[in-house]
Amino acid sequence: MMAFEGPYIAAIIGRLPDVKHNLAGYGIAYSVGLLVESPIIMLMSASTAMVNSRKSYIKLRNFTFFLIFFLTLIIVSLLIKPVYNFIFQDILKLNEEIKDIVYYAIAGLIPWSGAIGYRRFYQGIIIKYGKTRLVAFGTFTRLITIISIALIFKIYTNINSALLGTLTLSSAVIVEAIVTRIFAIKPVSKILSINKDEHLTYLDILRFYLPMAMTPLIALVVPPLTTFSLLKGKHPVESAAIMPVLNSLTFIFRAVGLSFQEVAIALMDGDFKNYKKIRNFMRGLFTFNLLGYSTISFTPLADYYFIKVSGMTDELAKMAKIPARILTFIPPFTALLAFQRSLIVKKGITIHMTTATIIEVTVTFLLLFTIPFLDIPSIIIASSALLIGRILSNLYLHFVIIKNVKIEK
């Protein structure tokens, strides 16, 4: 359900004035938001794996609140004019048409990281206690909020469409966080009644969580890095406008595999007795993602999606087809990555998650670095870089698992 918010917001922006600059501005602001929120992405996995008693609940909750405060402070500091101008004007060289759009769009994301961190902490507890349908209900409220708020902003206000997009996102995650906390009341009450003597310290939490936090932090350098690299190559503005639409399309299918990580952690026994069933389920997700995405990217449905659904011009839609096809294997390899990470977390060797991500980001960065020097649309180079980086990350974890995770036959 979360995967539909990206295409929906892109479709709203695509039907408002100055589509090219607002789509590009929204894409840049969204990339910044993803980068700032990255340290809290793994809170769901952490709470699923670590919260076992009253003591561990309180410790990890306090740890979550600290992260929320720190990340909100970061995004607010980006909006201080001298800081903003130094980063986005002096370093990133945004042109005047996009610079102001991006500033206000980032302002719309101030509550974003905090609401997501709060929500993911309690979602992990809900998953641990087998109430996964409540996670879906919470996300449903987020989807309804996105649909409603975006339409209200579009019909009754004159704010620019990039700001409309980020305000809609923030409103939706706030609603979802509130609903998730309500759904977590019973699981939390059960946890608070468990007074197990756990010798868990904040240092223990940090040691376990830091490699997990570094993984999305490093990985989420890629969206802003990609977006800003696009601006330095052939067809820069067009490429920057296409990227958020492609991200939304791949996320529709990637999302099917993303939540599998927490599910596998919750269901995998300590001795990996459920390994084969979980592995086979992952293979089904892999096939579904591959066939589902290919049905759009390699058929006339691509034109329908890019023009009718996303509101792109014929010119942008034509440019989007080749990179969309290059990205075909990103969704299935995301399902595989979620499965591989679940094994790594259960084994307690989370440092390898970080190493795999460093490999992916490094390779992607080196390939993105070639954009200014090649006479190829930058969106094609960027798509190829993203795919190659992901493949190498999966390969690294494959060999780590073979070496470290012993599965009974």
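The values are calculated or read from the model by the stated rules, or taken from the named source; none is laboratory data. In this text, all values refer to a predicted model and were calculated from it rather than measured experimentally. Methodologically, a virtual Cβ is constructed for each residue, glycine included, from the backbone with ideal geometry; neighbour enumeration extends over all protein chains shown. Surface areas here come from the heavy atoms of the whole protein model, side chains and all, with no ligands, DNA or RNA. Shrake-Rupley method; radii C 1.70, N 1.55, O 1.52, S 1.80 Å.
Points worth noting:
- Net charge of the neighbourhood of Asn62, taken over other residues with C-beta under 15 Å away and scored Lys/Arg +1, Asp/Glu -1, is +2.
- Rounded percent of accessible protein surface that carbon and sulfur make up, segment 221-349, 1.4 Å probe: 64
- Bridgeable lysines around Lys406 (alpha carbons under 22 Å apart, same-chain partners fewer than 8 residues away excluded): Lys273, Lys276, Lys277, Lys346, Lys347.
- Furthest towards positive pole of dipole, Thr215, Leu225, Gly130, structure part the chain, Cβ charges: Gly130
- Of the trypsin sites (Lys or Arg not before Pro) in segment 191-247, those whose Cβ has at most 16 other Cβ within 10 Å and which sit in DSSP loop: Lys196, Lys232
- Lys234 long-range amide H proximity, modeled H, under 5 Å: Ile376, Ser378
- In segment 1-127, taking the dipole from charged Cβ atoms about the Cα centre, the farthest positive-side position among Ile80, Leu92, Ile40 is held by Ile40.
- Solvent-accessible area of Met214 with every protein chain in place, 1.4 Å probe, in Å² to the nearest 10: 70
- Computed helical MRE - 222 nm, the chain, DSSP H runs ≥ 4 contributing -39500 (n - 2.57), nearest 500: -25000 deg cm²/dmol
- When Rg and the Kirkwood radius Rh are both evaluated on Cα atoms of segment 303-371, their ratio Rg/Rh stands at 1.15.
- For segment 64-113, relative contact order (Cα pairs under 8 Å, six or more residues apart, normalised by length) works out to 51 percent.
- Residue with peak Gaussian network fluctuation, the chain [Cα springs, cutoff 10 Å], from Ser77, Ser378, Ser113: Ser77
- Accessible area, probe 1.4 Å, largest first, for residues Leu169, Leu192: Leu192, Leu169
- For Lys59, the aspartates and glutamates whose Cα falls under 17 Å of its own Cα, not counting residues fewer than eight places away in the same chain, are Asp197, Glu198, Asp204.
- Most mobile listed residue (Gln340, Gln89, Gln123) in the chain, GNM with C-alpha springs under 10 Å: Gln89
- Cβ-placed point charges (K, R +1; D, E -1), dipole of the chain about Cα centre in debye, nearest 20: 1580
- Applying the criteria of a DSSP loop state and at most 16 other Cβ atoms within 10 Å to the GluC sites (Glu not before Pro) of segment 165-274 yields Glu198.
- Residues whose amide H lies under 5 Å from that of Val51, counting only those 5 or more places away or on a different chain, are absent; hydrogens are built 1.01 Å from N in the peptide plane.
- Counting only residues at least eight positions apart within a chain, or on another chain, the lysines with an alpha carbon under 17 Å from that of Lys234 are Lys20, Lys93, Lys318, Lys321.
- Charge tally in the Cβ shell below 15 Å around Leu395, where Lys, Arg are +1 and Asp, Glu are -1, Leu395 excluded: +2
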